[in-house]
Amino acid sequence: MPERSTSSEPLKVALIGCGQIADAHLQQIARIRSARVIAVCDLHADLAEQAAARFGIAARYNDPAEMLARERPDVVQIATPAHTHHAVARLCLAADCHVYVEKPFTLTAPEAESLLDLAAERGRLACVGHDQLFDPAWLEVRDRIARGELGEVRHVESTLGYPLSGQFGALVASDPRHWVRRLPGGLFHNTISHPLYRITEFLKDDRPQIDARWRTRPGFNFPTELRVDLQGASVSGTLTFATTIASQRITRIYGTTGTLECELDGQIVRRIGPAPAPGAFAKLLTPWRQRREAARTFRRQLGRFARGKIHYFAGLKSLCERFYDAIRTGAAPPIPPAEIVRVTRIMDEIFETARQRDASTNWGGAERRGSEWKAIARDSRPAAAMRESLT
Amino acid sequence: MMMLVTGGAGFLGRRVVRELVREGCRVRCFLRPSTRIDDLRECVGTRDWHAVETFRGDLQDPDDCRRAVAGADIVFHVAAGLSGGAAVLFANTVMPTRQLVAACETEGVKRFVHVSSLGVYGAGSLRRHALLDESCPVDPHPHLRDPYTYSKIVQEQVCREAFERGRLPLVVIRPGVIYGPGRGLLSNRIGLTLGGTLVRFGSRRPLPYVYVDHCATAIRQAGLTPGIEGETFNVLDDHLPTAREVLAACRRAGRPVRSLWLPESAIGPLSSLYERYSRWSEGQLPAVLTRYRSDAMWKPLKFSNARARERLRWAPHLSFEETAQLSLA
Ligand SMILES: NC(=O)c1ccc[n+]([C@@H]2O[C@H](COP(=O)([O-])OP(=O)(O)OC[C@H]3O[C@@H](n4cnc5c(N)ncnc54)[C@H](OP(=O)(O)O)[C@@H]3O)[C@@H](O)[C@H]2O)c1
């Protein structure tokens, strides 16, 4: 039986779930010296096979339990459909592996808690795929705020543009039986983690006040648009999920003395307010300041491009690296367990609130009560649950 | 006779349906719940529409496949994913094919016509200007190709394995680039489109093209011609246009294409350079262009439709002038 890696060897990483996001994991982990992917697994043999062949991975499996027993990986990256995360992660933790679970961590906060309890019991670490918090642009936001550029953060606006003509969106929209459509929060459950954790990064309350509402675009038979208001003790946030706008990931962070805008696709952070001078001068100084900032950003991006450092999933690499370091050194994990539970709980409340406001809507996931979902989630054994999923 | 056509509402599929209906067959179209059928209905025509039956289902669902195949004499498997990453393409192309083939094995059909692609050949191993015909081997390293071609190669393998088990009366059609109304004449066999400009690699090699109606009649023949089980046919027009002819046709039709010419000899070194850069930068620019892929795509070769003409008793009936005009109207 193969041994786990010793401290001088790269960590042995396995991946479960060879759908769309698996490529990002395999590409980014290949860039990390301290880890190597030793096996991939998917219930659909064709999916495991294509991933293994394209990324030159020797071992491929269709049964997660068999893979865990035979390969004894140190870490498992879980990139299966959301409703299977809990069951698959339990299996991996029980096999004494550390787990990196794609977002959303689990379908409900109690599930998240039970998973993290199990991790603690087995002395293993769990991480959730909140990778955008480790994107170079977001690290710059953190840095500039830490240096006091905005004063105290008071409000965050986070927008996700998600046209349903996109690859995954079109698939979900065209298939009423698609697993995403059957999640408690439907389409939003699979997508709003990213814009939400960009707010909760600053809104630290355990239980903020939440107001949420979803709407259905004409021509669709499931909720497609979501607006959320969050109010904490000192910070508020608004989250907009829109299928009617172009694909984009934009966050605006308003502080007591300034405002920053972060656009993740362009990996750009810019200062947008307030006016640097009163009256007419502001109309000249503002664009001048922005022009200089844009020139600085351009020079920096050019330098990064020349060094081959621009990667769409840079945040994923950075998060995995930090997670693996924590595993090796026993340091605190990059995303604390309590934070994983808090974000999951806020998501639960968002969906519950929106569902209540829209009690008359009758569609897949949203018509189910939270309690029913907990029952379904409890029942789902990894194999059975994964079998339902396509990509 | 009852025919089952998958992908029957698509660009090629609806013309296959039309050809079969014209031949007096009844046709069941396997469609996804979301598939729109307006174009199919228009293509078949209201007069013949009564011969068409639609079956809505999921090709990944064994029960749906079994119910769709039940009672069908001949299956024409036209459906496939055309875009997306490898996982999506495998989910839309390879996995459904497994289910459909399994259903045909259990139900027993008289013929299974599989629409593959001319891209499946390992053209990289051929000499320049060599003849690419049905005797050439399928690419031995499919995972090195673009994800679409990779999925088509594995899809064909799935069908062939069933044939070798002796349980699928298979005929394989490998069309070249299919062009026609709505699709125009341009394709990446000419070169790559970068920021609105077509960068064409050389201009004089014949492009393996087939007009969509020609392709549909060949597929019909592959279903109806007796005694060809196990055979494979490359389906191409008689006159294969060069890039120069394609661009001239576009110009004549009032749709000039902005293009930049690069000598054909530059493709290989450029691809190698790009591939190396992609590796050095750890994928800052993804490895979409590699030496292996560009050899398979742009090496000048000769093509032949002789076997299809002879064995399928089929011939393209329109000239390139006519098909170009129809495609660009
Ligand atoms: N176009 C070319 O140049 C070319 C060349 C060689 C071979 N081919 C092959 O020719 C065939 C037809 O291509 P085309 O050009 O006519 O493309 P197309 O118009 O996109 O047709 C493909 C059809 O497949 C269906 N389909 C895709 N995924 C499916 C799934 N998961 N389940 C059920 N149906 C699915 C689509 O259904 P919806 O209508 O619901 O989307 C569509 O009707 C394909 O097998 C392709 O690989 C094409």
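Restricting B:SER151, B:SER187 to residues that are within 12 Å of the ligand (Cβ to nearest atom), polar (S, T, N, Q) and within 14 Å of chain A (Cβ to nearest Cβ) narrows the list to B:SER151.
Listed residues B:ALA243, B:ALA248, B:ALA222; which is out of contact with any helix residue (DSSP H, G or I) (no Cβ under 6 Å at 6 or more places or on another chain) and exposed (fewer than 15 other Cβ atoms within 10 Å of the Cβ)?
B:ALA248
When the criteria are applied in full, B:THR93 fails the requirement of being assigned to a helix (DSSP H, G or I), in contact with a helix residue (DSSP H, G or I) (Cβ under 8 Å, 6 or more places away or on another chain), surrounded by fewer than 22 Cβ atoms within 10 Å (Cβ to Cβ) and touching a residue at least 12 places away in the same chain (Cβ under 8 Å). Against the conditions (1) open to solvent by 40 Å² or more (accessible area, probe 1.4 Å); (2) in the same structural domain as A:GLU102 (by TED's automatic domain parsing), A:THR6 satisfies every one except (2).
For the structure I just gave you, tell me whether B:GLY196 is on the phi > 0 side of the Ramachandran plot and open to solvent by 20 Å² or more (accessible area, probe 1.4 Å). Working first, answer last.
Details: on the phi > 0 side of the Ramachandran plot: yes; open to solvent by 20 Å² or more (accessible area, probe 1.4 Å): yes.
So B:GLY196 fits the description; yes.
Against the conditions (1) of a type outside the set (Phe, Trp, Tyr); (2) outside any helix (DSSP H, G or I); (3) in contact (Cβ under 8 Å) with a residue 60 or more places away in the chain; (4) within 14 Å of chain A (Cβ to nearest Cβ), B:LEU285 satisfies every one except (3).
Looking at this structure, is A:TRP288 open to solvent by 60 Å² or more (accessible area, probe 1.4 Å), of a type in the set (Phe, Trp, Tyr) and at pLDDT below 95? Explain how you work it out, then say what you get.
Working: open to solvent by 60 Å² or more (accessible area, probe 1.4 Å): yes; of a type in the set (Phe, Trp, Tyr): yes; at pLDDT below 95: yes.
For A:TRP288, the condition - open to solvent by 60 Å² or more (accessible area, probe 1.4 Å), of a type in the set (Phe, Trp, Tyr) and at pLDDT below 95 - is met.
Would you say A:ARG33 is within 14 Å of another protein chain (Cβ to nearest Cβ), in contact (Cβ under 8 Å) with a residue 12 or more places away in the chain and not hydroxyl-bearing (Ser, Thr, Tyr)? So A:ARG33 fits the description; yes.
I need the full set of residues from the range B:20-36 which are modelled with pLDDT of 95 or more and in a loop (DSSP other than H, G, I, E, B), in order please. It would help to see each step written out before you state the result.
Filtering the range B:20-36 down to residues modelled with pLDDT of 95 or more leaves B:20-31.
Correct list: B:GLU23, B:GLY24, B:CYS25.
Note on the range A:159-179: among residues that are closer than 27 Å to A:THR84 by Cβ and more than 14 Å from chain B (Cβ to nearest Cβ), the one that is least open to solvent (accessible area, probe 1.4 Å) is A:LEU160. Identify all residues within the range B:227-269 that are more than 21 Å from B:PRO300 (Cβ to Cβ) and small (Gly, Ala, Ser); write none if there are none. Once the filter is applied, which keeps residues that are more than 21 Å from B:PRO300 (Cβ to Cβ) and small (Gly, Ala, Ser), the range B:227-269 yields B:GLY227, B:GLY230, B:ALA253, B:GLY254. What number of residues in the range B:60-101 are within 30 Å of A:ASP23 (Cα to Cα) and away from the ligand (no atom under 15 Å from the Cβ)? Here the count works out to 0. For the range B:163-195, which positions are under 20 Å from the mean Cα position of the chain (by Cα) and charged (D, E, K, R)? Within the range B:163-195, B:ARG174, B:ARG183, B:ARG189 qualify. Kindly indicate whether A:LEU116 is at pLDDT 95 or above and over 20 Å from the mean Cα position of the chain (by Cα). No, not satisfied.
Looking across the range B:33-59 at every residue that is closer than 25 Å to B:GLU156 by Cα and out of contact with any strand residue (DSSP E or B) (no Cβ under 7 Å at 6 or more places or on another chain), the one that is nearest to the ligand (Cβ to nearest atom) is identified as B:THR35.
For the range B:97-117, residues that are open to solvent by 10 Å² or more (accessible area, probe 1.4 Å) and either part of a helix (DSSP H, G or I) or of a type in the set (Phe, Trp, Tyr) (or both) total 6. Answer yes or no as to whether A:PHE188 is open to solvent by less than 10 Å² (accessible area, probe 1.4 Å), more than 27 Å from A:GLY273 (Cα to Cα) and outside any loop (DSSP other than H, G, I, E, B). When the stated conditions are applied, A:PHE188 passes them.
Here A:LEU115 qualifies as assigned to a helix (DSSP H, G or I) and open to solvent by less than 10 Å² (accessible area, probe 1.4 Å). Among the conditions (1) surrounded by fewer than 20 Cβ atoms within 10 Å (Cβ to Cβ); (2) closer than 28 Å to B:THR242 by Cα; (3) within 16 Å of the chain's Cα centre (by Cα); (4) modelled with pLDDT of 95 or more, the only one that B:GLN157 does not satisfy is (2).
Is at least one residue of the range B:2-22 in contact (Cβ under 8 Å) with a residue 12 or more places away in the chain, within 11 Å of the ligand (Cβ to nearest atom) and under 16 Å from B:VAL154 (Cβ atoms)? No, because not a single residue in the range B:2-22 is in contact (Cβ under 8 Å) with a residue 12 or more places away in the chain, within 11 Å of the ligand (Cβ to nearest atom) and under 16 Å from B:VAL154 (Cβ atoms).
Of all residues in the range A:1-34, those that are in a loop (DSSP other than H, G, I, E, B) and more than 21 Å from B:PHE90 (Cβ to Cβ) total 14. Of the residues making up the range A:35-94, those that are charged (D, E, K, R), within 23 Å of the chain's Cα centre (by Cα) and open to solvent by 40 Å² or more (accessible area, probe 1.4 Å) are A:ARG36, A:ARG90.
The values are calculated or read from the model by the stated rules, or taken from the named source; none is laboratory data. Please read all numbers here as calculations on a predicted model, not as lab measurements. Because the Cβ atoms are built from the backbone with ideal geometry, glycine has one as well, and the counts that use them run over all protein chains shown. Areas reflect the complete protein model, heavy atoms only, side chains present, ligands, DNA and RNA absent. Shrake-Rupley method; radii C 1.70, N 1.55, O 1.52, S 1.80 Å.
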